[in-house]
Structure formats: structure tokens, C-alpha cells
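Visitor: Okay, here's the structure, questions in a sec.
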Amino acid sequence: MRTLFKNIKELIQVRDNSVSFLSGTEMKELPTITNAFLLVENGIISNYGKMIDCPTISVDKTIDATGKMILPSWCDSHTHIVYAGNREGEFVDRIHGLSYEEIANKGGGILNSSKKLQEISEEALYQQSKIRLEEVIKLGTGAIEIKSGYGLTAEAELKMLRVIKRFKEHYPIPIKATFLGAHAVPDTYKTKKQAYLQMLVDEILPTIAKEKLADYIDIFCETGYFSVKDTAFILEAGKQYGLIPKIHVNQFNAIGGIKTGVNYNALSVDHLEIMHNDDIEILKNTQTMPVALPSCSYFLSIPYTPARKMIDAGLPIALASDYNPGSTPSGNMNFVVSTACIKMKMTPEEAINAATINGAYAMGLEKEVGSITVGKKANLILTKPINSYGFIPYSFGNHQIEKIYLNGKSW
Ligand code: NIG
Ligand code: FE
């Protein structure tokens, strides 16, 4: 099956030589080709270039993109889209002045979602969650990471991971699964945190390994949740089963978790709303991707990750949604890209790089997606007619997507 996209006003994020990720000043460059063609064969990008160089070959389908742009789909490296029910009651509590932490302390928050998750069947969880997966695909997400972490019992954590596994089998986008059993200490282990962590290691990790239910391991390293020592404990245990760390860290407090993440070769450290200078120093010249989640900052009215300062210090940044029922009930990566520009002073080039190639790296998919490169999957966004790619973040609260292509096929 051969599909030719022709007369593309601008083909965005073109990388002849595949890069793993972009850091510092490299993020300012967004290579494009104006008046371009793009050829897809059997779902894979096989050729692209200027229209005048478009080969005259027979194709199965031709798509005329006059006035429109094409860019690689968004790569959302941090989500919690498998969950049960919603938490709009807590949203109203926050409007009335309670903080995220105060709500959690009175039994809301993650424990509220875990109660709902423990009660729901795997099938009902699949049905509720697939609505969100399909919603974000329509909004341009063409690769996604999904975490467990609302189960907090062996049975319920495995139920979440099995739903993610079924998504991997049934949807045409790359999906990565992360085990986040250490998301909160459940009430049944209230004064026995170490016993809870030991339960995760003894009762869940072996099944995850046996059934290949996760690619990554995560922990909420935060005051009132899990300490730096707990983080080292869980990352060490995950390592025994080949699980690479991607951790929640520095959301409300900087307690030293970034160093532990880097020591364990974390693929990413996520949130980073509170960053001390030494946290920035630790991340320099490492293979660990800092991931910012601006929709979470927006929804909770907490500080934004100091992306400008981090990029100016030479670091890479990836952008992700954090779609979850408590801190970010939205998986709209178009909004994420806009908010990164508006609130974090990232340029459109930096934000698009952060939400494509750097996002792909943050879930180990940089060889498959994240740029227009020969050999990569043709997971693409075809825009509406727009004047420039800067219009994508500029038109905040809206999106400029006309059509989504996954593996070269309209979705
Ligand atoms: O990434 N911060 C920790 N976990 C989630 C929110 C969890 C929840 O409130 O349900 C996050 O923001
Ligand atoms: Fe999260």
C-alpha cells in the first residue's frame, strides 16, 4: 500500500538523520520543507522532499494537502488514562479553597480513585478508559505511555496493567506501560509503608515480569508519599526485573529524588515544578529526559516547570499531558504545547520538539516515531489550512487538526 501526500504547504520536523533527543539550543531548530511531498509505504515513511523532486510512481492513494501542513503525531510520554470514575467533587472543593494536599489528607485524591478502581471490573475499566484513549488519538496523540497506580492492591494494579496490555493489542499506536504501584500508601498499610513496598515487590513484580505487563517502573517521590530512600528501594527492585525508571518527582517539594533517578539511569524524571539549581546541575550530560506537565500546573494552579531556565542551562525538555482524574483531567497535547509557549516561555519550535522527538525518547520510541524520518511510522497530523506552524500553539484552546493518519491510514 503506497500513499502519496502532495503539495504539503510545510512538512514539519524533518530529520534525515535520526536524533535521539534535542537539548538546549538544539531545541530552537525545527527543520521543515516547504511545498513538499511525503511518501508512505505499508505504514512507514519511505521518502519525502520538495514537490519538484516528487517521483512519478504509481500509488494507491494520493492526498492533496494544498494549504495544509503535516507534522509527526504528538508523543505523550506520561499519562494515567486507565482509571475509574471521575473526581469533579474535589475540583469543586479546590474552588472553595482546599489544596490538592488537603484533599488528599481527608481521603480524597489518589485513594479516592483507588477505591473506585478496586470496585470496577476489568471489562468496565477497559470500556471507560478506551473512550479517553480514542479521544486523545483524535487530538493528535500518536504514541502514548500509560501508568498503573490507582489499584494499590495486587489484584487491582494487575487489572490496570492488563487493560493497558489489551490496548497495546487493539490500537494502532505504540503504547508503553508503567508500573506505578508506589503512587500512594493505601489505608490498609497506613502505618506500614515498608510492608506495602515489600508487597509490591513480592506479590506484583513477579507477575508483571511473567506476563510482560510493564516496560517501566515509577514512584511518586514526594513529601507525604514516598521518600528518596523508598524511591531507591523500588527502582532497585524494578531493575531486577528489567524495568527502567520513569519517576514522579519535584512536584510540590524538591527532596532529592532527581539524583536517585539519575543514579538509576531513569529514562525520564517527570513534573519538576519545583527545581533547585543543584537539580538542574544533576541532570546535565545525562541520558535522563526532564518531562514537564504544564496542564497539571494549569489545573492545580501550581508553579510551571522552569523550562526556560532549564533549556537555557543546556537541558532537554519533553512535554506530556499527565492525563489523570485528579491533577489533569485533560489529555489534549495541543493545549499542552500552547501552554508551554504561553506560560513557560518556550518557543513554538521548542514546544513542538518537546512534544514530538523528545517525548518519543521519554518512552523509548525515538527510533519509531517523533519525526519525519525514512523508516519511521507514518503517524501524522494533517493540519487545517494555516499560515504558519506558530498558529498551532497560538490558537490555544483550539486545535488545527484536519485529519489523523496512523501507520499511513486515515483514522
Ligand atoms: O501525576 N502526582 C501524582 N500523581 C498524579 C496525580 C494523581 C491524582 O491526583 O490522581 C500526577 O499528577
Ligand atoms: Fe502523573
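Visitor: Need the failing condition index for Ile311 against (1) open to solvent by less than 10 Å² (accessible area, probe 1.4 Å); (2) without any contact (Cβ under 8 Å) to a residue 60 or more places away in the chain; (3) not charged (D, E, K, R), just the number.
Guide: Ile311 satisfies all of (1) open to solvent by less than 10 Å² (accessible area, probe 1.4 Å); (2) without any contact (Cβ under 8 Å) to a residue 60 or more places away in the chain; (3) not charged (D, E, K, R) except (2).
Visitor: I'm checking my understanding of the structure. Among residues of the range 128-180 that are over 21 Å from Gly242 (Cα atoms) and of a type in the set (Asp, Glu), which one is most open to solvent (accessible area, probe 1.4 Å)?
Guide: The selected residue is Glu155.
Visitor: Could you run through the range 131-170 and say how many residues are within 16 Å of ligand 2 (Cβ to nearest atom), among the charged types (D, E, K, R) and part of a helix (DSSP H, G or I)?
Guide: 2
Visitor: Which of the helices (runs of 4 or more DSSP H) contained wholly in the range 182-289 include at least 2 residues that are at pLDDT 95 or above, closer than 18 Å to His78 by Cα and within 16 Å of ligand 1 (Cβ to nearest atom)?
Guide: Where helices (runs of 4 or more DSSP H) fall fully within the range 182-289 and carry at least 2 residues being at pLDDT 95 or above, closer than 18 Å to His78 by Cα and within 16 Å of ligand 1 (Cβ to nearest atom), they are 257-263.
Visitor: Considering (1) within 16 Å of ligand 2 (Cβ to nearest atom); (2) open to solvent by 60 Å² or more (accessible area, probe 1.4 Å); (3) at pLDDT 95 or above, say which one Ile110 fails and leave the rest.
Guide: Here Ile110 meets the rest and fails (2).
Visitor: Still on this model: Could you say whether any residue in the range 386-402 is over 14 Å from the mean Cα position of the chain (by Cα), charged (D, E, K, R) and outside any helix (DSSP H, G or I)?
Guide: yes
Visitor: Oh, and also: Which of (1) of a type in the set (Lys, Arg); (2) within 16 Å of ligand 1 (Cβ to nearest atom); (3) not in a helix (DSSP H, G or I) is the odd one out, the single condition Lys6 does not satisfy?
Guide: Going through the list (1) of a type in the set (Lys, Arg); (2) within 16 Å of ligand 1 (Cβ to nearest atom); (3) not in a helix (DSSP H, G or I), Lys6 breaks only (2).
Visitor: If I ask for residues that are under 20 Å from the mean Cα position of the chain (by Cα) and aromatic (Phe, Trp, Tyr), which ones from the range 2-32 would you list?
Guide: Within the range 2-32, Phe21 is the sole residue that qualifies.
Visitor: Inside the range 322-358, can you point out the residues that are within 16 Å of ligand 1 (Cβ to nearest atom) and of a type in the set (Gly, Ala, Ser)?
Guide: If the condition is that a residue be within 16 Å of ligand 1 (Cβ to nearest atom) and of a type in the set (Gly, Ala, Ser), then Gly326, Ser327, Ser330, Gly331 are the ones that fit.
Visitor: Right, another one. If you go through the range 356-381 one residue at a time, how many are of a type in the set (Val, Ile, Thr) and part of a loop (DSSP other than H, G, I, E, B)?
Guide: Total satisfying the criteria: 4.
Visitor: So Cys341 passes all but one of these: (1) under 22 Å from Thr178 (Cα atoms); (2) open to solvent by less than 30 Å² (accessible area, probe 1.4 Å); (3) more than 16 Å from ligand 2 (Cβ to nearest atom). Which condition number does it fail?
Guide: Here Cys341 clears every test but (1).
Visitor: Select from the range 55-80 the residues that are without any contact (Cβ under 8 Å) to a residue 40 or more places away in the chain and within 16 Å of ligand 2 (Cβ to nearest atom) and list them in ascending order.
Guide: none
Visitor: So, one more: Check Tyr100, Tyr83 and return the single one that is touching a residue at least 24 places away in the same chain (Cβ under 8 Å), open to solvent by less than 30 Å² (accessible area, probe 1.4 Å) and within 16 Å of ligand 1 (Cβ to nearest atom).
Guide: Only one candidate qualifies: Tyr83.
The values are calculated or read from the model by the stated rules, or taken from the named source; none is laboratory data. Quantities reported herein were computed from a predicted structural model and do not represent experimental measurements. We place every Cβ from the backbone using ideal geometry, glycine too, and count neighbours over all the protein chains shown. Heavy atoms of the whole protein, side chains included, go into the accessibility calculation; ligands, DNA and RNA do not. Shrake-Rupley method; radii C 1.70, N 1.55, O 1.52, S 1.80 Å.
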